[in-house]
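Heads up: the structure comes next, in structure tokens.
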Amino acid sequence: MRFHPTEEQLAIQEALKSTLADILPADRLRKLVDSNKDFDRKSWDALMAVGLGGIALPEAQGGSGVQLLDLAMAMEVLGQGAAPGPLAQHAVVGLALSRCSNEEAKARWLPGLASGETIATTALGGEWLPESWQVKAERGKVDGSVRFVPGGGTAHLFLVGTAGGGLALAELAAGIRVTPNYSSDQTRASASLVFDGAAATNLFEPGDPAVARLFDAALVLTAADALGGAQHCLDISVSYAKERVQFGQPIGRFQALKHQLATMALEVEPARALMWYAAYAWDAQLPDARRAAAMAKAHLADRFVSVTRAAVAAHGGIGYTWEYGLGIWFRRSIFDRAYLGSPAVHRARAADLAGW
């Protein structure tokens, strides 16, 4: 196996970095967060224009046909840039649709997902894990509520977790009530949804092994976002330590800060292989793929929180200010830690999956 990025993977990352640098520089990102808008159409359209919406969809369905590892490396870049919107959730909906047996649903929705014209997200509910999902699906309708739906106030299409661990697809229409939540992470605003006899298309029955694989893919993409965010916080902390002068020399020369930055690097870099392996195991359908996804989500989410806190401390007083912007990534770290289950939940799952 080759655990080094290919030229194609690096090209995908560079294209996304360039797009984010052009469309979402630091000052615009701060203005977007301050505006309390729950969606940024300009950055969404720009990312979709470079092919992000269809990157993991089969070529026959309007996509690029790459694997989860390639998609995860793209999500890493989006985490670095704090890209707004339900980007990971949109990708998971595309994965679900492309793998279901409903050809009519594929024909209807996949072109819009690939182009980004249709915005999709996941509405899983319960305590995140498939066995805890509670929305009832009967005779082509769904009933129930989901409290935390990333991009719920913007999406046109919802991948709904149904009781027993199934998945259904519901289009925004009569029978769906959307109530915006207060979201500390303003780059990924959420909403609460109530389904009251809303029309839905069943994609996967409860207990279908595909549901567990899709949930694992979502864990890997969340871990990738956390890795990108942690890398950004490390990078700007190192840059600041080289530029900030105190007592006649850059503060990066002070031994205590050197140790702090080295610890941050040790938290980030070894975790990269954990995320890469989890994505590779998912693609190759290895026996330990589920455990690898749980471990990646648990570890990367914890590291993201730890590194953002250390970055704030490394910057001193300016790191605490809203204007500097580090708080954007700190809030994203809290989102990634809670989303799809806490690190403790997934460490327990990893132990169970290992037979401990």
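The values are calculated or read from the model by the stated rules, or taken from the named source; none is laboratory data. Everything numeric in this text was worked out from a predicted model, so none of it was measured. Methodologically, a virtual Cβ is constructed for each residue, glycine included, from the backbone with ideal geometry; neighbour enumeration extends over all protein chains shown. Each accessible area value is taken on the protein alone, full model and side chains, heavy atoms only, with ligands, DNA and RNA left out. Shrake-Rupley method; radii C 1.70, N 1.55, O 1.52, S 1.80 Å.
Based on what the data block shows, is Arg253 touching a helix residue (DSSP H, G or I) at 6+ places or on another chain (Cβ under 6 Å), on the phi < 0 side of the Ramachandran plot and open to solvent by 80 Å² or more (accessible area, probe 1.4 Å)? Spelling it out, it is not the case that Arg253 is touching a helix residue (DSSP H, G or I) at 6+ places or on another chain (Cβ under 6 Å), on the phi < 0 side of the Ramachandran plot and open to solvent by 80 Å² or more (accessible area, probe 1.4 Å).
Tell me yes or no: at least one residue of segment 174-189 is open to solvent by 10 Å² or more (accessible area, probe 1.4 Å), aliphatic (A, V, I, L, M), at pLDDT below 95 and more than 20 Å from the chain's Cα centre (by Cα). Yes, that holds for at least one residue.
Tell me which helices (runs of 4 or more DSSP H) are completely within segment 283-356 and hold 1 or more residues being within 20 Å of Val211 (Cα to Cα), or say none if there are none. Hits in segment 283-356: 289-315, 343-353.
Among the residues of segment 86-126, those that are assigned to a loop (DSSP other than H, G, I, E, B) and either open to solvent by 10 Å² or more (accessible area, probe 1.4 Å) or closer than 25 Å to Ala163 by Cβ (or both) comprise Pro86, Cys100, Ser101, Asn102, Glu117, Thr118, Leu124, Gly125, Gly126.
Which residue, of Tyr280, Tyr320, is in contact (Cβ under 8 Å) with a residue 12 or more places away in the chain, open to solvent by 60 Å² or more (accessible area, probe 1.4 Å) and aromatic (Phe, Trp, Tyr)? Before the answer, list the steps.
Values: Tyr320 fails: in contact (Cβ under 8 Å) with a residue 12 or more places away in the chain.
Testing whether each residue is in contact (Cβ under 8 Å) with a residue 12 or more places away in the chain, open to solvent by 60 Å² or more (accessible area, probe 1.4 Å) and aromatic (Phe, Trp, Tyr) leaves just Tyr280.
Any residue at all in segment 228-243 that is open to solvent by less than 40 Å² (accessible area, probe 1.4 Å), among the polar types (S, T, N, Q), at pLDDT 95 or above and not in a loop (DSSP other than H, G, I, E, B)? Checked against the condition, which is being open to solvent by less than 40 Å² (accessible area, probe 1.4 Å), among the polar types (S, T, N, Q), at pLDDT 95 or above and not in a loop (DSSP other than H, G, I, E, B), segment 228-243 yields at least one hit. When the residues of segment 195-223 are filtered to those that are within 18 Å of Gly140 (Cβ to Cβ) and either of a type in the set (A, V, I, L, M) or in a helix (DSSP H, G or I) (or both), the one that is least open to solvent (accessible area, probe 1.4 Å) is Ala198.
If you go through segment 30-40 and keep only what is open to solvent by less than 80 Å² (accessible area, probe 1.4 Å), free of Cβ contacts under 8 Å to residues at least 60 places away in the same chain and in a helix (DSSP H, G or I), you end up with just Ser35.
Can you find a residue in segment 58-65 that is of a type outside the set (Ser, Thr, Tyr), in contact with a helix residue (DSSP H, G or I) (Cβ under 9 Å, 6 or more places away or on another chain) and either modelled with pLDDT of 90 or more or open to solvent by 70 Å² or more (accessible area, probe 1.4 Å) (or both)? The answer is no, given that none of the residues of segment 58-65 is of a type outside the set (Ser, Thr, Tyr), in contact with a helix residue (DSSP H, G or I) (Cβ under 9 Å, 6 or more places away or on another chain) and either modelled with pLDDT of 90 or more or open to solvent by 70 Å² or more (accessible area, probe 1.4 Å) (or both).
With Asp27, Asp70 as the choices, which residue is farther than 19 Å from Ala224 by Cα and open to solvent by 10 Å² or more (accessible area, probe 1.4 Å)?
Details: Asp70 fails: farther than 19 Å from Ala224 by Cα.
Unique residue meeting the criteria: Asp27.
Taking residues in segment 334-356 that are farther than 17 Å from Thr222 by Cα, and partners anywhere that are part of a helix (DSSP H, G or I) and open to solvent by less than 60 Å² (accessible area, probe 1.4 Å), the pairs with Cβ atoms closer than 7 Å and at least 6 places apart or on different chains are Leu353/Ala294.
Residue check: is Val345 out of contact with any helix residue (DSSP H, G or I) (no Cβ under 6 Å at 6 or more places or on another chain) and either among the charged types (D, E, K, R) or at pLDDT 95 or above (or both)? Yes; evaluated as a whole, the condition is true for this residue.
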